[in-house]
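What follows is a single structure, written as structure tokens, with notes after it.
The values are calculated or read from the model by the stated rules, or taken from the named source; none is laboratory data. All of these numbers come straight from a predicted model, not from anything done at the bench. Heads up, the Cβs are rebuilt from the backbone with ideal geometry, glycines too, and the neighbour counts pull from every protein chain shown.
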Amino acid sequence: MADTSTTTAEGHEHEEDRRDFLLTSTIVVGAAGVALTAWPFIDFMNPSADVLALASLEFDISTMEPGQAITVTWRNKPIFIRRRTAAEIDEAKKVPLSDLKDPQADADRVKEGKDEWLVMIGICTHLGCIPAGQKVTDSKGEFGGWFCPCHGSHYDTSGRIRKGPAPRNLEIPPYAFTNDTTVRIG
Amino acid sequence: MSAAPEWKNPVVRWIDHRLPVFTFTHHSLIDYPTPRNLNYWWNFGSLAGVVLVILIATGLFLAMHYNPNVDYAFDSVERIMRDVNYGWLMRYMHANGASMFFLVVYIHMFRALYYGSYRAPREVLWFIGLFIFLAMMATAFVGYTLPWGQMSFWGATVITNLFSVVPFFGDAIVQWLLGGFAVDNPTLNRFFAFHFLLPFVIFGLVFLHLWALHVHKSNNPLGVDIKTDGDTIPFHPYYTAKDAFGLGVFLIFYFAFAFFAPNYLGHPDNYIPANPLVTPPEIVPEWYFLPFYAILRAVPDNFIDIWGILPILVTAKTAGVILMFASIIVLFFLPWLDRSPVRSARFRPIYKQLYWLFLADCIVLGWVGANPPEGTMLVIGRIATLYYFVHLLVFMPLLSRYEKTRPLPDSISAAVTPQGSSQSAQAQGA
């Protein structure tokens, strides 16, 4: 400490600048290092490769009859696949959008030319229960679609919310028809 | 040194008045008086602390994807390596981190031996350090079982069987430890539980270690006590900077292993899933246990014939186990085995040479431990084991009596600065 006091004011200033620079650059490089170190830890908790590998599912629909519904599992969630009857399709199409809580045309919920096939994530948009309506014996609610027993949400034959606390229509997962008899979900 | 700082931030001041964490931190890490002459061998304590934190962090995250069940453990580790994001990095940081922890702590311990840091008034500090070392050994052992490879399984089998030497209750104790008649799922489950718990025990012991350290402050290369303010400098920025530099060098060394030779310190047999019906041709512990392994195997089979006493209680196996535990327990007595008036080997010409012999002896023990206990190797192992105990139990007390030590400097500052001598001269009277 004693020898720094013997330097001139100008020299002293210069030394302080160098020290400040070193301190700042050390902190910046250190902070960058901490950030780079943090990333592997954060990413470690993201879905792993084997989980992501199960993220798509192919399902053969050739054996399904009109009016039949099947539940499959995709990403550990139930997927409702329903082959709708002509009456159900008509009923879904004729509902005016103004009657809907979450307005969406039936055509926007199915693939073009595949009106028969309704593919949805079978989870109530209210609090995550699984609505009834897949089995023949299930209550299908007041609109002939699905009925959530938890808090009484009614869904129509297009899976749209019609009555009850749920805010949104049943969600449509990303899917495509790879051919006439196979649907690929995810 | 300086008094407690006036906290300008009102929130800090409010909290500090009620719980003086800021003042405590300031005293312990900022203006903590530290001998001005510490060399780089004093970096290894803080390095050990950093490695412990890295091990706890990586271990916590590994536990999120690890599955402690005999049917899934091996596969879950492989899944971490292949499928989990950065799983390879997390596991290699953890496995090599364990090696680095032992390396750093061994250097830390040998530094204490060289400079007499275990001597009064730091005996309790030394004890807590030895307890940390014992807890580390237990943690490393149960942790090595978790990947459920061949070495995991047979290492666990061999080490738990050490307890079968306990008279009368041996087999019952082994069954109790294993939770069965052999190493199996109950063993793996409890080892996982202990492997999770023990690092936090170590963390707690580290705080006791630091508490004890801060009572009488650090020893130093001269081994003389701090006498005046002139003998010390504040911990920050002097030793924070020095520790940070050392940490940078150390991390390069550590990650050279983690990135470029991650399995160099491991054993390939542990990539074979555990098979309770086949023992690998050669069971070798991790490198940090090798010296103790050599001591374990050093006792001759005809030990009983030579001694002819208590053949039930002391078989060759029993004696080997006793010697192995004794090799650590004897370290607890070191502060009283060494009664030399001088701490530091710098002023102890004979101890200095015996110290390096002792270090070489420990390395020889490690080398012997890595090889099959046959022929020459067994003889070397026995001599090295004998020397280990002779050094500690015979040479240390004898040296304290007969060694002619070199004159000590008046004080730390007197030894390192010309003007320091006048300061310490005032302190001589006190």
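Taken over segment B:371-385, residues that are closer than 16 Å to residue B:324 by Cα and touching a residue at least 40 places away in the same chain (Cβ under 8 Å) amount to 6.
When the residues of segment B:339-359 are narrowed to those that are within 20 Å of residue B:224 (Cα to Cα) and among the hydrophobic types (A, V, I, L, M, F, W, C), which ends up surrounded by the fewest Cβ atoms within 10 Å (Cβ to Cβ)? Among them, the one singled out is B:350. Scanning segment B:43-65 for residues that are surrounded by fewer than 17 Cβ atoms within 10 Å (Cβ to Cβ) and not in a helix (DSSP H, G or I) gives a single hit, B:64.
Each residue in segment B:50-62 was checked for being touching a residue at least 24 places away in the same chain (Cβ under 8 Å) and away from chain A (no Cβ under 11 Å), and 6 pass. Does residue B:92 satisfy being within 14 Å of chain A (Cβ to nearest Cβ), at positive phi and modelled with pLDDT of 95 or more? Criteria not met by residue B:92. Each residue in segment B:369-401 was checked for being farther than 14 Å from residue B:354 by Cα, in a helix (DSSP H, G or I) and of a type outside the set (Lys, Arg), and 11 of them qualify.
The set of residues in segment B:239-281 being within 14 Å of another protein chain (Cβ to nearest Cβ) and under 30 Å from residue B:70 (Cα atoms) consists of B:258, B:259. Report the residue count in segment A:131-185 for those that are part of a loop (DSSP other than H, G, I, E, B) and among the β-branched types (Val, Ile, Thr). Within segment A:131-185, residues that are part of a loop (DSSP other than H, G, I, E, B) and among the β-branched types (Val, Ile, Thr) number 5. Flag set for residue B:210, criterion: in the same structural domain as residue B:94 (by TED's automatic domain parsing) and over 28 Å from residue B:78 (Cα atoms). Taking the criterion of being among the hydrophobic types (A, V, I, L, M, F, W, C) and more than 14 Å from residue B:51 (Cβ to Cβ), the residues of segment B:253-264 that qualify are B:256, B:259, B:260, B:261. Among the residues of segment B:27-40, is any within 14 Å of chain A (Cβ to nearest Cβ) and part of a loop (DSSP other than H, G, I, E, B)? Yes: segment B:27-40 contains one or more residues that are within 14 Å of chain A (Cβ to nearest Cβ) and part of a loop (DSSP other than H, G, I, E, B). Do we find a residue being among the β-branched types (Val, Ile, Thr) and without any contact (Cβ under 8 Å) to a residue 24 or more places away in the chain anywhere in segment A:130-146? The answer is yes; a qualifying residue exists. Within segment A:35-94, the set of residues being of a type outside the set (A, V, I, L, M, F, W, C) and within 14 Å of chain B (Cβ to nearest Cβ) comprises A:37, A:40, A:43, A:46, A:47, A:48, A:50. Residue count for segment B:168-200 satisfying the condition of being within 15 Å of residue B:144 (Cα to Cα) and outside any helix (DSSP H, G or I): 2. Restrict the check to segment B:63-81 and report whether at least one residue is free of Cβ contacts under 8 Å to residues at least 60 places away in the same chain, more than 14 Å from chain A (Cβ to nearest Cβ) and among the aromatic types (Phe, Trp, Tyr). No; the residues of segment B:63-81 include none that is free of Cβ contacts under 8 Å to residues at least 60 places away in the same chain, more than 14 Å from chain A (Cβ to nearest Cβ) and among the aromatic types (Phe, Trp, Tyr). When B:144, B:118 are checked against the criterion of being away from chain A (no Cβ under 14 Å), modelled with pLDDT of 95 or more and touching a Pro at 6+ places or on another chain (Cβ under 6 Å), a single residue qualifies: B:118.
Can you find a residue in segment B:285-302 that is at pLDDT below 95 and under 30 Å from residue B:28 (Cα atoms)? Scanning segment B:285-302 turns up no residue that is at pLDDT below 95 and under 30 Å from residue B:28 (Cα atoms). Every listed requirement among (1) over 30 Å from residue B:339 (Cβ atoms); (2) at pLDDT 95 or above is met by residue B:213 save one, (1).
The requirement of being out of contact with any helix residue (DSSP H, G or I) (no Cβ under 6 Å at 6 or more places or on another chain) and free of Cβ contacts under 8 Å to residues at least 40 places away in the same chain is not satisfied by residue B:90. In summary, residue B:98 fulfils each of the numbered conditions (1) within 13 Å of chain A (Cβ to nearest Cβ); (2) in a helix (DSSP H, G or I) with the single exception of condition (1).
Does residue B:172 meet the test of being more than 20 Å from residue B:202 (Cβ to Cβ) and away from chain A (no Cβ under 14 Å)? Yes, satisfied.
In segment B:68-84, the residue that is farthest from residue A:49 (Cα to Cα) out of those that are crowded, with 18+ Cβ neighbours inside 10 Å and of a type outside the set (A, V, I, L, M) is B:68. Cβ-Cβ distances below 9 Å connect the following pairs, each with a first residue in segment B:281-307 that is farther than 13 Å from residue B:325 by Cα and surrounded by fewer than 21 Cβ atoms within 10 Å (Cβ to Cβ), a second residue that is among the basic types (Lys, Arg) and modelled with pLDDT of 85 or more, and a separation of six or more residues or different chains: B:300/B:382.
The set of residues in segment B:343-352 being farther than 11 Å from residue B:403 by Cβ and assigned to a helix (DSSP H, G or I) consists of B:346 alone.
Only one entry in B:32, B:40 is surrounded by fewer than 17 Cβ atoms within 10 Å (Cβ to Cβ), touching a helix residue (DSSP H, G or I) at 6+ places or on another chain (Cβ under 8 Å) and among the aromatic types (Phe, Trp, Tyr), namely B:40.
Of the residues screened, residue B:110 is not one that is within 25 Å of residue B:187 (Cβ to Cβ) and out of contact with any Asp or Glu (no Cβ under 7 Å at 6 or more places or on another chain).
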